[in-house]
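Here's the structure, in structure tokens; my notes come after.
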Amino acid sequence: MNTRTTARAGAAAAALLSLAACVPVQPVRPAPPREDVTGVPVGARTVREGGDLVMGLSSEPDRLDPTTSSSLYTRYVMNAVCEKLYDIDAEGEIVPQLAAALPSVSPDGLTVTIPVRTDPVFADGTPFDASAVATTLTRNLTLEGSTRRSELGPLEEVSAPDASTVVLRYARPFSPITAALADRAGMVMSPTALEQRGEEFGDHPVCVGPFRFAERVPQTSIRVERDPLYYAADEVHLDSITYRIMNDANIRAANLRSGDVQVADSLSPQDIDALAREEGVGLLQTGSYGYQAVTFNVGNTDGAGEPPGRIDTPLATDPRVREAFSLAVDRTALVNSVFNDYYEPACSFLSPDSTFSTPASEACPPHDPQRAKQLLAEAGVALPYRIRLATSNTADSLRLAQALQASVADTGFQVVIEPIEYSTLLDVQSEGDFEAVQLGWSGRVDPHGNTSSFLTTGAGSNYSGYSNPEADDLVRRASQSTDPAERAELYGRLVQVVQRDNPLVYLYRVRSTTGYVSRGEDAVAGIETYSDGVVRLGRAAFVQSDE
């Protein structure tokens with residue numbers, strides 16, 4: 001443990017004084033069914049053109065650079081300013097956005113041809129074409145610190161033979177490419193801005209989108225304004241959107257009730273039932289392709305993306321200790337006690353709602369404290385075994401950490417909680433400056449997006465420093481296959497490997513819950529949120545209330 005982590009421990013202890021010492025675990029009961037509501041359409045209501053919409057954003061985004069960013073909240077902002085080659089719709093289907101159609105693939109799977117549109121214009125006036133796409137994809141492959149590189153697979157060459165065609169040549173087939181280009185890897189950046197700003201692009205991103213970046217006040221807000229050059233400008237109604245940073249869920253809920261914000265993300269399950277009864281407040285909610293987990297540092301000595309090193313602790317070197325932790329966790333009781341049954345227990349990277357889900361991938365390690373104690377005894381560790389757990393300093397995250405602390409205590413684990421501000425926690429995770437960290441991933445429609453970057457050796461988001469040739473091989477083979485049944489079987493086998501090694505212990509899946517003002521002068525519509533976790537505001541508008 002280095003000196004930065006030790007210094008944080010004192011601050012963590014002070015921060016926890018205001019919280020209850022433990023969280024009681026309630027009796028397990030079945031969660032009520034939840035109905036997905038992915039959008040509020042404008043419909044026949046009268047649109048009030050213009051205005052500034054304010055969204056209460058639960059955490060500060062990291063740098064607004066599609067190549068390097070790793071935060072869900074960055075995706076919220078970038079969704080308004082940086083369109084992608086592809087997107088997903090409310091049903092999770094991949095649809096063209098800046099591409100003109102879905103890709104065509106050669107019979108050998110090694111050449112992918114993407115037709116692109118030529119009518120868009122970047123916010124700085126640069127024409128959009130295949131060459132601009134090639135520039136972006138090349139940057140994603142070559143920029144130091146890129147977290148998109150592994151998402152693009154074994155890509156050997158990117159070319160633009162004409163203005164409307166991009167050709168990708170692969171060393172071996174790579175079936176997840178379309179899904180990868182439906183997220184940050186497919187956000188196309190202005191080549192003019194890239195040439196002018198280089199690695200500083202994220203300070204003033206320039207893309208194609210309904211809005212363009214205007215300003216950022218660190219730790220306070222990000223503002224974007226309507227882009228008059230946008231190819232569908234007639235479909236954009238707002239003058240601007242201000243993303244106001246509000247880390248406290250109670251404050252977001254209070255501002256939503258008062259109308260000081262018109263949209264708020266990541267509402268706490270503690271507030272949802274009351275908000276659902278609130279006059280003038282509407283709720284969007286949907287399941288998630290992602291997960292929340294505890295990541296153990298088993299080899300991240302030089303930062304994510306670097307070759308793994310050795311960490312000489314039982315937690316890092318002995319998988320029995322990590323398996324004991326997994327068996328000590330009562331996932332269902334955690335969800336019940338901390339999140340009012342609103343979320344779902346999770347035991348793998350693959351959502352049961354995925355088309356690739358199988359009984360093997362849905363299998364969950366039991367809550368087995370006796371076996372956990374036996375494994376710790378076999379590992380020969382002194383008890384209680386102490387683990388420092390870094391976590392976000394939000395109320396829900398701290399409630400979860402305390403419930404987790406209580407859940408594993410009788411087994412022989414002593415969890416020491418280190419609360420850290422979210423954007424700082426992302427750096428801590430990436431740098432490997434942790435023993436264990438509780439964070440999550442918002443999820444991708446293709447399982448490759450939940451696995452390759454996190455579980456393959458040296459990948460850009462492999463925060464645990466995990467390295468297992470068997471896991472590497474399964475991820476590679478699944479990405480090469482074009483047979484959905486074969487891919488599903490391979491991901492099921494990968495789940496078994498991960499549950500044996502436990503570099504990550506998966507805990508639960510959130511329901512993405514977004515509140516909006518539904519009545520009065522600040523009523524809004526045209527908001528959408530899908531299972532990728534992103535709140536979409538590009539077509540949002542103030543509307544005349546139904547009152």
Based on what the data block shows, is residue 458 surrounded by 21 or more Cβ atoms within 10 Å (Cβ to Cβ) and not assigned by TED's automatic domain parsing to the domain that holds residue 182? no
Considering every residue within region 329-338, establish whether at least one is farther than 26 Å from residue 420 by Cβ, among the aliphatic types (A, V, I, L, M), out of contact with any His (no Cβ under 6 Å at 6 or more places or on another chain) and crowded, with 22+ Cβ neighbours inside 10 Å. no
Test for residue 529: is it under 23 Å from residue 92 (Cβ atoms), polar (S, T, N, Q), over 21 Å from the mean Cα position of the chain (by Cα) and not assigned by TED's automatic domain parsing to the domain that holds residue 108: no
Does residue 266 qualify as being hydroxyl-bearing (Ser, Thr, Tyr), closer than 21 Å to residue 58 by Cα and without any contact (Cβ under 8 Å) to a residue 24 or more places away in the chain? no
Expected output for region 375-388 (first residue acidic (Asp, Glu), partner surrounded by 14 or more Cβ atoms within 10 Å (Cβ to Cβ), Cβ below 8 Å, 6+ apart or cross-chain) is 378/320
Take residue 179 and decide whether it is closer than 22 Å to residue 454 by Cβ and of a type outside the set (S, T, N, Q). yes
Where in region 498-547 are there strands (runs of 3 or more DSSP E), lying fully within it, with 3 or more residues that are touching a residue at least 60 places away in the same chain (Cβ under 8 Å) and buried (at least 23 other Cβ atoms within 10 Å of the Cβ)? 504-509, 512-517
Checked 475, 505 against criteria (farther than 29 Å from residue 263 by Cβ, in the same structural domain as residue 389 (by TED's automatic domain parsing) and touching a strand residue (DSSP E or B) at 6+ places or on another chain (Cβ under 8 Å)); the one match is 505
Can you give me the ranges of the strands (runs of 3 or more DSSP E) entirely in region 226-298 with at least 2 residues that are under 20 Å from residue 527 (Cα atoms)? 240-245, 281-286
Listed residues 95, 116; which is without any contact (Cβ under 8 Å) to a residue 12 or more places away in the chain and outside the structural domain of residue 458 (by TED's automatic domain parsing)? 95
Scan region 115-135 and tell me whether some residue there is crowded, with 21+ Cβ neighbours inside 10 Å and of a type in the set (S, T, N, Q). no
Test result for residue 399, farther than 17 Å from residue 465 by Cβ, more than 20 Å from the chain's Cα centre (by Cα) and at pLDDT 95 or above: no
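Let's see how each residue does on (1) touching a residue at least 12 places away in the same chain (Cβ under 8 Å); (2) in a loop (DSSP other than H, G, I, E, B); (3) surrounded by fewer than 21 Cβ atoms within 10 Å (Cβ to Cβ); (4) of a type in the set (S, T, N, Q):
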residue: 301; (1), (2), (3), (4): yes, yes, yes, yes
residue: 310; (1), (2), (3), (4): no, yes, yes, no
residue: 326; (1), (2), (3), (4): yes, no, no, yes
residue: 355; (1), (2), (3), (4): yes, yes, yes, yes
residue: 360; (1), (2), (3), (4): yes, no, yes, no
residue: 366; (1), (2), (3), (4): yes, yes, yes, no
How many residues does region 163-174 contain that are out of contact with any Pro (no Cβ under 7 Å at 6 or more places or on another chain) and either under 13 Å from residue 112 (Cβ atoms) or exposed (fewer than 13 other Cβ atoms within 10 Å of the Cβ) (or both)? 4
Strands (runs of 3 or more DSSP E) contained entirely in region 371-449, each with at least 2 residues that are within 30 Å of residue 89 (Cα to Cα): 436-441
Which numbered condition in (1) modelled with pLDDT under 90; (2) closer than 30 Å to residue 142 by Cβ; (3) more than 15 Å from the chain's Cα centre (by Cα) is the only one that residue 100 fails? (1)
Sort out which residues of region 508-517 are in contact with a Leu (Cβ under 9 Å, 6 or more places away or on another chain) and not β-branched (Val, Ile, Thr), and write them in order of number. 508, 512, 515, 516
Of the residues that make up region 483-496, is at least one within 29 Å of residue 385 (Cα to Cα), surrounded by fewer than 21 Cβ atoms within 10 Å (Cβ to Cβ) and at pLDDT 95 or above? yes
What's the number of the only condition in (1) farther than 15 Å from residue 209 by Cα; (2) among the basic types (Lys, Arg); (3) surrounded by 23 or more Cβ atoms within 10 Å (Cβ to Cβ) that residue 34 fails to meet? (3)
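The values are calculated or read from the model by the stated rules, or taken from the named source; none is laboratory data. Bear in mind that the values here come from a model prediction, so they are computed numbers and not experimental data. As a convention, Cβ positions derive from the backbone with ideal geometry for all residues, glycine included, and neighbour counts pool all protein chains shown.
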